[in-house]
Amino acid sequence: MTNVILQADRLTQHYGSTRALDGVSLSLAEGTSTAIMGASGSGKTTLLHMLAGILTPDSGSVLFAGQPISGLPDSERSRLRREQFGFVFQQGLLIPELTAVENVALAPMLNGAKKRDAVGPAAQWLHALGLAGMEDRRIGQLSGGQAQRVAIARAQVTGARVIFADEPTGALDSATSQGVMNALLSSTSGNGRTLVVVTHDPNVAARCQRVVTLSDGRIVADTAQAPKTDGVAR
Amino acid sequence: MIFRVLPLLSRPSRQGAAGLILPGVAFASVTALLAIVVGGAQTFWAFDDEMAPLYWFLAGLALTLMIPPLLSLGSAAAKLSARRRDDRLAVLRLLGATGRGTAGLAVFESAAVAFVGAVTGVLLAYALSPLIGMIHFRGEAIGAAQAALPLGWAALLVLTVVLIAGLSAMIGLRRVIISPLGVAMKQSAPKMPWAQGLVAVAAIIAAIIGAQAVSNLGGDASMYAVIVGLLVAFAVALLAIDLIGAWVLSLFGKARLKRAQTPVELISARLVLESPRAAWRQVSGVAMSSFMAVFAGSGIALMGEASGADVELTGPEQFIMADMRTGLAIVVIGTFIMVACSVGVNQAAQILDRRDVHRSLAIMGTPLAVQDGARRKAAMLPLAVASLGSASVAALLLLPVLGMALIFAPLSLITMLSMIVLGTLIVLGTLFGTRPLLRDAARVESGSRASE
């Protein structure tokens, strides 16, 4: 049986009088890809933030590799995010003054690696994601899709076990989206890592092995599926 | 038409009220400082003895020294205002507003903030005039009435500050006006022309040789010619420092980048290299005052030697040393406060502009200390280069004129070092003051609604 890497148990969260999450329970198996879908305000980003230890729930708990993370102090949760998790945001959110390779190397450097040791693996990741020769380009000199690949490399260069992606293709056109999803899937669940994607896009969700749909803070559908493959080259 | 939408655009943006309040406070501080200095200096215009021209010259010099930090602060404050609304102005352009209309709106809003700040600053200066009146020149307090700025001058000061803000806004928003889509595109880091650096180095060497030649003229030339010659040499050196500053800073930034092994070192070096000119402008006031501190320190040491001699000074001459010390302290404090305001406003603008990046770094698990350390180092490097670099150039310039003994006299060194330490502490205090803004920008768990 596949190991459960993340487990959410009866998560509840309120923002004022609004109930963002209403007793959500979920288990994620290691090495799988899961899409969290739902309309705006359905609670999907809140759920992602709780699974990643960014937000602590009003009630309920989150376990990572069997260990509770919701009650950890902020510094411990930060360390966990640095060492075990990777993040891909909608806009990439890379540091514009740094080059592509420096942006990727920053993640291991935050874990204590020296730059000279971090740059090599960072460059390897950029190569693997089709960005060979672009290591020294600044973020403003890259296209949206290329910048998003840099963000994917940054999320994984530390050997993160879980990658959280919040609308990773939200700012891209459909052809570029497909390329970015190919890169994201092949480098994560294709490599035995766990991928959790929040998305509005059914095409993105169709590429994942499992689709969890939220509405008004509750899971209304949870479907395992054979993920669609995509022929677009990386 | 465009002014009809002004009230709508003036509503708080996502950056909150900070984008309005910070430039307002900065303009208020700078106007208050200028009003106090100009107000205090008017005492000197009433002097009519043989020492009066020296006082007028020094007062003029003090005011001139305060202009670069004022311009830098004006530009920083206008930039912060611009950041607050560049997205809105770009939307207006996309909706069909003309370039002139958009520019008018930007200038009007920035000038309005500067006007409110400047009026507040003048009122603050008036409120402080009883305290300022207690400062002693020529052995007696100048008095509250003398320290207060005449109304006409105050109006002129407000107008000047408003003009500077308007011009800075116009320059800062050129990109919005030129292209509604290209507001925040950052392409490649600017390259510093090495020829500019070489010209500046040549000018400094020429100034040093010139100063030596003039001081060697001795009895062959009139005292007046020697003073003018030295002043020209110093002015050339000062201009050269301003020309070379950004270039030297980019060299230091590159060296730091090469050595960088930690995130703090890497990010801070890249922040400096992103715009060495902007980083230099932020601290160019310190460069000027450090340059002058060497002159003042050596001058005070020289006068200390003179007063230590058996000659008993009488009349206005007996106060000159104490008055120069007082004047120097006022200029130094004023300059550093303006630099601190400029650094503070720049830092605030940077934090507000990059709040998404700050938050994403925090989500990745980046400790606040790393983000804070990077911006602190990025601000301190230009400060160190500006203060130590320009003090060194001034010392080189004075070496042939005064000799090593006077330049390195304890009194000179104490004056120079205390100025540099004071400036560093003020800037550090400012950085510390903007830390809550960074903490807020980098907050990942605020109890507020997540991004959806």
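Listed by first and then second residue, the pairs linking a residue in the stretch B:96-111 that is farther than 18 Å from B:LEU163 by Cα to a residue that is among the basic types (Lys, Arg) and at pLDDT 70 or above, with Cβ atoms under 8 Å apart and 6 or more places separating them unless they lie on different chains, form an empty list.
Picking from residues in the stretch A:12-35 that are part of a strand (DSSP E or B) and within 23 Å of A:GLY159 (Cα to Cα), the one that is nearest to the other protein chains (Cβ to nearest Cβ) is A:ALA35. Of the numbered criteria (1) in a helix (DSSP H, G or I); (2) at pLDDT 85 or above; (3) not charged (D, E, K, R), the one B:ALA278 fails is (2).
Considering the stretch B:104-145, the residues that are over 27 Å from the mean Cα position of the chain (by Cα) and not in a helix (DSSP H, G or I) include one that is surrounded by the fewest Cβ atoms within 10 Å (Cβ to Cβ), namely B:GLU140.
A count restricted to the stretch A:140-155 and to residues that are in contact (Cβ under 8 Å) with a residue 40 or more places away in the chain and either more than 18 Å from A:ILE95 (Cβ to Cβ) or surrounded by fewer than 21 Cβ atoms within 10 Å (Cβ to Cβ) (or both) stands at 3. On the stretch given as the stretch A:49-76, residues that are more than 8 Å from chain B (Cβ to nearest Cβ) and not in a loop (DSSP other than H, G, I, E, B) total 11. Scan the stretch B:404-426 and tell me whether some residue there is more than 14 Å from chain A (Cβ to nearest Cβ) and closer than 29 Å to A:THR158 by Cα. Scanning the stretch B:404-426, I find no residue that is more than 14 Å from chain A (Cβ to nearest Cβ) and closer than 29 Å to A:THR158 by Cα, so the answer is no.
The residue that is farthest from the other protein chains (Cβ to nearest Cβ), counting only those in the stretch A:77-88 that are surrounded by fewer than 24 Cβ atoms within 10 Å (Cβ to Cβ) and touching a residue at least 60 places away in the same chain (Cβ under 8 Å), is A:GLN84. Evaluated against (1) within 14 Å of chain A (Cβ to nearest Cβ); (2) closer than 12 Å to B:LEU381 by Cα, B:THR262 falls short on exactly one condition, (2).
Determine if the stretch A:114-137 includes at least one residue that is within 20 Å of B:HIS358 (Cβ to Cβ) and within 9 Å of chain B (Cβ to nearest Cβ). Within the stretch A:114-137, not a single residue is within 20 Å of B:HIS358 (Cβ to Cβ) and within 9 Å of chain B (Cβ to nearest Cβ). The single condition among (1) hydrophobic (A, V, I, L, M, F, W, C); (2) free of Cβ contacts under 8 Å to residues at least 24 places away in the same chain; (3) more than 7 Å from chain B (Cβ to nearest Cβ); (4) surrounded by 21 or more Cβ atoms within 10 Å (Cβ to Cβ) that A:VAL104 does not meet is (2). When the stretch B:361-392 is filtered for residues that are farther than 21 Å from B:ALA260 by Cβ and more than 19 Å from the chain's Cα centre (by Cα), the ones remaining, listed by number, are B:ALA362, B:ILE363, B:SER392.
Within the stretch B:112-128, the set of residues being free of Cβ contacts under 8 Å to residues at least 12 places away in the same chain and closer than 14 Å to B:LEU163 by Cα comprises B:ALA112 only.
Among residues of the stretch A:156-179 that are touching a residue at least 24 places away in the same chain (Cβ under 8 Å) and crowded, with 18+ Cβ neighbours inside 10 Å, those with a Cβ under 9 angstrom from a residue that is in a loop (DSSP other than H, G, I, E, B) and aromatic (Phe, Trp, Tyr), sequence gap 6+ or separate chain, pair up as A:ALA165/A:PHE89; A:ASP166/A:PHE89; A:GLU167/A:PHE89; A:PRO168/A:PHE89.
Residues that are of a type in the set (D, E, K, R) and within 13 Å of chain B (Cβ to nearest Cβ) were ranked within the stretch A:142-183; the one that is nearest to the chain's Cα centre (by Cα) is A:ASP166.
Every condition in (1) more than 9 Å from chain B (Cβ to nearest Cβ); (2) touching a helix residue (DSSP H, G or I) at 6+ places or on another chain (Cβ under 7 Å) holds for A:LEU93 except the one numbered (1). Residues in the stretch A:188-201: is at least one under 13 Å from the mean Cα position of the chain (by Cα), farther than 30 Å from A:ALA113 by Cβ and not in a helix (DSSP H, G or I)? Yes, because at least one residue in the stretch A:188-201 is under 13 Å from the mean Cα position of the chain (by Cα), farther than 30 Å from A:ALA113 by Cβ and not in a helix (DSSP H, G or I).
The values are calculated or read from the model by the stated rules, or taken from the named source; none is laboratory data. Quick caveat, the model's predicted, so the values are computed rather than measured. Here Cβ is always computed from backbone atoms with ideal geometry, including for glycine, and neighbour counts include all displayed protein chains.
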